[in-house]
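Everything below concerns the one structure shown next.
The values are calculated or read from the model by the stated rules, or taken from the named source; none is laboratory data. Quick caveat, the model's predicted, so the values are computed rather than measured. Here the Cβ positions follow ideal geometry from the backbone for every residue, glycine too, while neighbour counts run over all protein chains shown.
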């Protein structure tokens, strides 16, 4: 869940007293291991500081970097050093909070500085990859709809019929697998359409509807309308899923990590909350030999993108409630 650091930042900005470590920075400890959020008093910029052992053999140039932040070493006492992540982009407060929350959560069980530093770098690697994939402004309209479709299926057809932890693990769309869900009994690809007539869905790879080597393959489609300030928004369905899985903390942590992998950050919530989705109809098709699809390509041809007309798939429609049970049980 989103952790609010506003009160801590407010306290730091009001309190220019002794930081307890170094008078050039004002800090608030997040973890006993030596993780602090704070303010660089010379520049008035926000920082995240992790204490390290002076003997640490660290090459700062090998740490990931991205626009809007600086990373550097800082001596905080005669026998104590730190690595500092500083926010230099004044428009990046929300994203910086997300990074701090992620690192803070990742270091929850760490007991020594070496492991803390290793996890700190892993988190920075993850965020560097995130910005390369999704940029700084959140998901575009098509990606929002795609994620909503996956979460709608997860909420209404998976979590209602299986163990919560297993259900979250069955979701693979966040990792850009060819199919969005992988069950013991087969795979399911999720698509959405906002067309009112001649409904079609876009298949973005020849692999998405290729059942070669799979136990079985199904295509789940949602026809929906986009409504402004009405319907179920992306933050709404995420909140509902979190409430469902909150009694299982490990599942909640995993779900939050998967959301990030999919490009969703709570800090971008305001970008999504005014767009609602009203689901009109669900379709569930079994993908078999004569299903309309492109899976065999000439040599030298790849990255195929095409549309499938849903009305042409009627002969392949199956009962979703019966099939889900078989998929989950591996029958």
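Below are the figures for this structure:
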quantity	calculated
Lone qualifier among 151, 159 - being under 18 Å from residue 269 (Cβ atoms) and touching a residue at least 60 places away in the same chain (Cβ under 8 Å)	151
Lone qualifier among 318, 299 - being surrounded by fewer than 17 Cβ atoms within 10 Å (Cβ to Cβ), modelled with pLDDT under 95 and in the same structural domain as residue 165 (by TED's automatic domain parsing)	299
Positions within segment 45-69 being modelled with pLDDT of 90 or more and more than 20 Å from residue 267 (Cβ to Cβ), in sequence order	49, 50, 51
Residue match in segment 69-84 (condition: under 22 Å from the mean Cα position of the chain (by Cα) and either farther than 25 Å from residue 53 by Cα or without any contact (Cβ under 8 Å) to a residue 12 or more places away in the chain (or both))	no
Where residue 72 falls short, out of the listed (1) surrounded by 14 or more Cβ atoms within 10 Å (Cβ to Cβ); (2) in a strand (DSSP E or B)	(1)
Filter result for residue 243 (surrounded by fewer than 16 Cβ atoms within 10 Å (Cβ to Cβ) and at pLDDT below 95)	no
Scan of segment 75-110 for residues that are surrounded by 18 or more Cβ atoms within 10 Å (Cβ to Cβ) and assigned to a loop (DSSP other than H, G, I, E, B), ordered by number	92, 107, 110
Filter result (outside any helix (DSSP H, G or I) and over 14 Å from residue 275 (Cα atoms)) within segment 139-165	159, 160, 161, 162, 163
Looking only at segment 252-286, and only at residues there that are touching a helix residue (DSSP H, G or I) at 6+ places or on another chain (Cβ under 7 Å) and assigned to a loop (DSSP other than H, G, I, E, B), the one that is nearest to residue 133 (Cα to Cα)	263
Residue count for segment 183-217, restricted to those that are touching a helix residue (DSSP H, G or I) at 6+ places or on another chain (Cβ under 6 Å) and surrounded by fewer than 20 Cβ atoms within 10 Å (Cβ to Cβ)	2
Leading residue by the ranking (surrounded by the fewest Cβ atoms within 10 Å (Cβ to Cβ)) among those in segment 227-240 that are assigned to a loop (DSSP other than H, G, I, E, B) and in contact with a strand residue (DSSP E or B) (Cβ under 6 Å, 6 or more places away or on another chain)	230
Members of segment 1-25 found to be modelled with pLDDT of 65 or more and crowded, with 18+ Cβ neighbours inside 10 Å, listed by number	5, 9, 12, 25
In segment 267-291, the residues that are within 15 Å of the chain's Cα centre (by Cα) and either under 22 Å from residue 192 (Cβ atoms) or modelled with pLDDT of 95 or more (or both)	268, 269, 272
